[in-house]
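Novice: The following block contains the structure, expressed as structure tokens.
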């Protein structure tokens, strides 16, 4: 169920009817949602719900079987989609033999990134002590911060991030929350997948709840609470985990 208006002028991206199968396994089933300007939209669901598949189809890392992605009034062709979206995948190690500094500067030049933000983002994500280290020697959390740096330096208005908090400790997670919010305030739009519901409740403005490859609900916390109330026949706990369970 979609609670927000589909015709809102704030919508940057509209996904309609996205479906993806691997043989008999249906990974995504008729997925539809919107991404609005200047928000952190959270894609919430357990492992195996289809979050990474959705991101890869949205970013055209792999093709969807059906469905449309539109930007304003235009259907998202490859050229338009790549100019609007930058995808930060989880658990990859780009250029493992190169230094962190080399990787950031190469990505900055290759993608035509926001060089004026270089020092600020490196500092915000705590990469200064790691700049001479080889990418292949980084821990999972250090590699995650490198990927996030590359994503936030990208020129695209919308950054799609798969599991931004994976591998980060509590302090790093809180610092990342502040960094993500700062970039939204500065005009970026973020679409992030999160399986830790407590993290999602703190950082996201709206949510797409994904369950077994289908969208169970979309909306703000208040909208999802109202939807859960109508389904249950009584007011649920304001705990986001309880709301998620009620809707999925």
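Readers should treat all values here as calculations from the given coordinates under stated rules, not as data from a laboratory. Predicted, not measured: the structure shown is a model, and the values here were computed from it. Heads up, the Cβs are rebuilt from the backbone with ideal geometry, glycines too, and the neighbour counts pull from every protein chain shown.
Novice: Per Stokes-Einstein, at 4 °C and 1.567 mPa s, what whole-number D in µm² s⁻¹ belongs to the chain, with the Kirkwood radius over Cα pairs as the hydrodynamic radius?
Specialist: Taking Rh from Cα pairs, D becomes 69 µm²/s.
Novice: Quick check on the chain: helices-only [θ] at 222 nm, where DSSP H runs of length 4 and up contribute -39,500 (n - 2.57) each and the sum goes over total residues. Nearest 500, please.
Specialist: On the way: 9 runs with 91 residues, N = 248.
The per-residue figure over the chain is -11000 deg cm²/dmol.
Novice: Now for a separate question. Relative to the longest principal axis of the C-alpha atoms of the chain, give the angle of the C-alpha long axis of helix 100-111, reported between 0 and 90° and rounded to the nearest 10°.
Specialist: Around 60 degrees separate the two axes.
Novice: Applying 1/(1 + (r/R0)^6) with R0 = 22 Å to the Cβ-Cβ distance of residue 185 and residue 128, what FRET efficiency is obtained, to the nearest 0.05? Spell out each step's value before the answer.
Specialist: Details: r = 23 Å, r/R0 = 1.05.
Using R0 = 22 Å, I get an efficiency of 0.40.
Novice: Could you sort the peptides 137-148, 157-168 by per-residue average Cβ neighbour count (10 Å cutoff), highest mean leading? Working shown, then result.
Specialist: On the way: 137-148: 19.7, 157-168: 22.0.
With the highest mean Cβ count within 10 Å placed first, the list reads 157-168, 137-148.
Novice: Sticking with this structure for a sec: Taking 35 Å as R0, compute the FRET efficiency from the Cβ-Cβ separation of residue 102 and residue 25 and round it to 0.05.
Specialist: It comes to 0.35.
Novice: To continue, here is another question. Between residue 68 and residue 116, what is the spin-label point distance in nm, taking each point 7 Å from the Cα along the Cα→C-beta axis?
Specialist: In this crude spin-label approximation the distance works out to 3.6 nm.
Novice: Roughly how tilted is helix 221-232, in degrees to the nearest 10 and between 0 and 90, from the longest Cα axis of the chain?
Specialist: Between the helix axis and the principal axis of the chain, the angle is about 30 degrees.
Novice: What FRET efficiency, computed as 1/(1 + (r/R0)^6) with R0 = 22 Å and r the Cβ-Cβ distance, is obtained for residue 239 and residue 196, rounded to the nearest 0.05?
Specialist: Efficiency, from the Cβ-Cβ distance: 0.95.
Novice: Rounded to the nearest 5, what % of DSSP beta bridges with both residues in the chain are antiparallel?
Specialist: Restricted to the chain, the bridges split so that about 50 percent are antiparallel.
Novice: What length, rounded to one decimal in nm, is gained on full extension from residue 232 through to residue 37, with 0.36 nm per residue of separation minus their alpha-carbon distance? Don't jump to the answer; show the numbers that get you there.
Specialist: On the way: separation 195, 0.36 × 195 = 70.20 nm, distance 3.18 nm.
Length gained between residue 232 and residue 37: 67.0 nm.
Novice: Distance from a point 7 Å along Cα→Cβ of residue 82 to each backbone N in region 32-74: keep the residues under 12 Å and list them by number.
Specialist: 60-61
Novice: For region 105-248, what class follows from the C-alpha gyration tensor (a ≥ b ≥ c being the square roots of its eigenvalues): rounded when a/c is under 1.5, otherwise prolate if a/b is larger than b/c, else oblate?
Specialist: prolate
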